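The block underneath contains the structure these notes are about, expressed in C-alpha cells.
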Amino acid sequence: MSELEAADVNFGKLFASIDAMDTESFLSFIDENATFRFGSSPPVTGRDGIGASVNNFFSMFAALRHDLMRVVADDNTVICEGEVTYTRHDGSKITLPFANVFEVKNELITLYRIYIDIGPLFAE
C-alpha cells in the first residue's frame, strides 16, 4: 500500500476528484453520515449536505490543484499536508498551505476536516 492509499482509501484519487471539481466522484469517498468541515465554517453532516457545500465552493473558482507533500496514517486516522493552488475566475492564482484530517471506517471517510486560512484567497 502506498502512502496515498492509507486506511484503505486512495487519497491520490480523492484529491484528483477534487482537482477535477467532480463532486460525484468526490462523494464516492464519503460515508453517507460523514461530517465535513472546511476551515472555520460550520460542520456539515451527511453526503447530500457535503455535496451541496462542495458544489458551492467549486463554483467560486475556475480551477484548483493540490500538491500533497505528506500523508501520515495511524489506524483509521489520516493526515494530509500540502499546498493548493486556486485559479480565480479572472485567471489569477494563489497557492496556500493546507492540512486535512480524515477518519476512515469501512473504506469510506467518516470525518473530513480541512485546516486552511483562505483569507488571502479573497483579499483584493
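The values are calculated or read from the model by the stated rules, or taken from the named source; none is laboratory data. It should be emphasised that the depicted structure is a prediction, and the values quoted were computed from it without experimental measurement. Positions of Cβ are generated from backbone atoms using ideal geometry, with glycine treated the same way; all protein chains shown enter the neighbour counts.
For this structure, a couple of remarks:
- Residues of region 38-51 satisfying the condition of being outside any loop (DSSP other than H, G, I, E, B) and either free of Cβ contacts under 8 Å to residues at least 24 places away in the same chain or crowded, with 18+ Cβ neighbours inside 10 Å (or both): Phe38, Val44, Thr45, Arg47, Asp48, Gly49, Ile50
- Boolean, Ala62 is at pLDDT 95 or above, of a type in the set (A, V, I, L, M, F, W, C) and in contact with a Ser or Thr (Cβ under 7 Å, 6 or more places away or on another chain): yes
- Going through (1) at pLDDT 95 or above; (2) on the phi < 0 side of the Ramachandran plot; (3) not in a helix (DSSP H, G or I) one by one, Met21 falls short only on (2).
- Any pair with Cβ under 7 angstrom, 6 or more apart, that starts in region 13-32 at a residue that is under 19 Å from Thr95 (Cα atoms) and ends at one that is in a helix (DSSP H, G or I) and among the hydroxyl-bearing types (Ser, Thr, Tyr): Ser17/Ser25
- Pairs are defined by a Cβ separation below 6 Å, a sequence spacing of at least 6 or placement on different chains, a first member in region 96-124 that is hydroxyl-bearing (Ser, Thr, Tyr), and a second member that is surrounded by fewer than 17 Cβ atoms within 10 Å (Cβ to Cβ); the pairs so defined are Tyr115/Ala99.
- Per-region count, region 83-118, residues on the phi > 0 side of the Ramachandran plot and either of a type outside the set (D, E, K, R) or surrounded by 14 or more Cβ atoms within 10 Å (Cβ to Cβ) (or both): 2
- Evaluating Val9 against the criteria (1) hydrophobic (A, V, I, L, M, F, W, C); (2) at pLDDT 95 or above; (3) buried (at least 18 other Cβ atoms within 10 Å of the Cβ) leaves one unmet condition, (2).
- Sole exception among (1) buried (at least 16 other Cβ atoms within 10 Å of the Cβ); (2) under 26 Å from Ser92 (Cα atoms); (3) of a type outside the set (Asp, Glu); (4) free of Cβ contacts under 8 Å to residues at least 24 places away in the same chain for Met69, by number: (1)
- The strands (runs of 3 or more DSSP E) found wholly in region 58-124 and carrying at least 2 residues that are small (Gly, Ala, Ser) occupy 63-74.
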